1. Could you check, for segment 9-18, whether at least one of its residues is surrounded by fewer than 23 Cβ atoms within 10 Å (Cβ to Cβ), part of a helix (DSSP H, G or I) and among the hydroxyl-bearing types (Ser, Thr, Tyr)?
2. Within segment 39-54, is even one residue surrounded by fewer than 15 Cβ atoms within 10 Å (Cβ to Cβ) and either part of a helix (DSSP H, G or I) or of a type in the set (Lys, Arg) (or both)?
3. I'd like to verify a number: residues in segment 19-34 that are in a loop (DSSP other than H, G, I, E, B) and either surrounded by 15 or more Cβ atoms within 10 Å (Cβ to Cβ) or in contact with a Leu (Cβ under 8 Å, 6 or more places away or on another chain) (or both), how many?
4. Quick one: in segment 134-164, of everything that is among the polar types (S, T, N, Q) and under 19 Å from the mean Cα position of the chain (by Cα), which residue is surrounded by the fewest Cβ atoms within 10 Å (Cβ to Cβ)?
5. Scan segment 106-123 and give yes if some residue there is under 17 Å from Ser21 (Cβ atoms), surrounded by fewer than 24 Cβ atoms within 10 Å (Cβ to Cβ) and without any contact (Cβ under 8 Å) to a residue 12 or more places away in the chain, otherwise no.
6. In segment 74-109, what residues are among the small types (Gly, Ala, Ser), part of a helix (DSSP H, G or I) and touching a helix residue (DSSP H, G or I) at 6+ places or on another chain (Cβ under 6 Å)?
7. So which pairs qualify, if the first residue must be in segment 51-66 and at pLDDT 95 or above, the second must be among the aromatic types (Phe, Trp, Tyr), the Cβ gap must be under 7 Å, and the two must be at least 6 apart or on different chains?
8. Would you mention how many residues in segment 151-204 are modelled with pLDDT of 95 or more and not in a helix (DSSP H, G or I)?
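The values are calculated or read from the model by the stated rules, or taken from the named source; none is laboratory data. The shown structure was predicted, so the numbers you read here are calculated from the model rather than taken from an experiment. Ideal geometry is used to build each Cβ from the backbone, glycine not excepted, and the neighbour counts take in all protein chains shown.
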Amino acid sequence: MTSKIVIACIIAYFIGNISPSTLLARAHGIDIKKEGSGNAGTTNALRVLGKKAAVITLVIDILKGVVSVVIGMLLAGHTGAMYCVLFVMLGHVWPVLLKFQGGKGIATSFGALLALNPVLALIELGIVAVVTLISKRMSAGSIAGLVLLPVVCIFREPDFVYIAIVIAAIMIFKHKANIIRMIHGEEPKLSILDKNSKNQEDEK
């Protein structure tokens, strides 16, 4: 790994540390890690801070991924961009500036993939959307997208396959609580898809 790739990865990691929901909550005197689900993502921002904060959180989390990969591309070409997808996700999931308490990385990883390969990202988005609509569970859609990410990469971004496997493994691990609840039939459905559900999964 060249010095330029290392520099790009470090920059991507610290960009990943930026947590819009945490900053917005602090501005209101709230510790978002102690409210709602305790997750610093879009769904919990919606629950704790409202729609405007949720939209801001989602947009910034996606942009974190886009900016990191663009920087990687400019500094170290396509190889640097691929590694930056991994490192911005790591920065979001385990942010050193927030005592390693981050989110699940779905939105940030989508933004990173969008910058790396738009077709790959849109295929993944389609998988997540279809499975989510069928199951009415965002966690199920996210996990399906992660499981199939390396497979899609074989056809759309073959050089990225091994990095994709690492990303998918880490993010599936972050969904372990959701997986356990699904196995026991206890995973709540998205309220916007199921009028009988009052809870939303925390996926960002």
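1. yes
2. Yes, there is a match, as at least one residue in segment 39-54 is surrounded by fewer than 15 Cβ atoms within 10 Å (Cβ to Cβ) and either part of a helix (DSSP H, G or I) or of a type in the set (Lys, Arg) (or both).
3. Going through segment 19-34 one residue at a time, the tally reaches 3.
4. Checked segment 134-164; the qualifying residue surrounded by the fewest Cβ atoms within 10 Å (Cβ to Cβ) is Ser139.
5. No, segment 106-123 contains no residue that is under 17 Å from Ser21 (Cβ atoms), surrounded by fewer than 24 Cβ atoms within 10 Å (Cβ to Cβ) and without any contact (Cβ under 8 Å) to a residue 12 or more places away in the chain.
6. Hits for segment 74-109 are Ala76, Gly80, Ala81, Gly91, Ala107, Ser109.
7. Listed pairs, sorted by first residue: Ile62/Phe110; Gly65/Phe110.
8. Count: 1.
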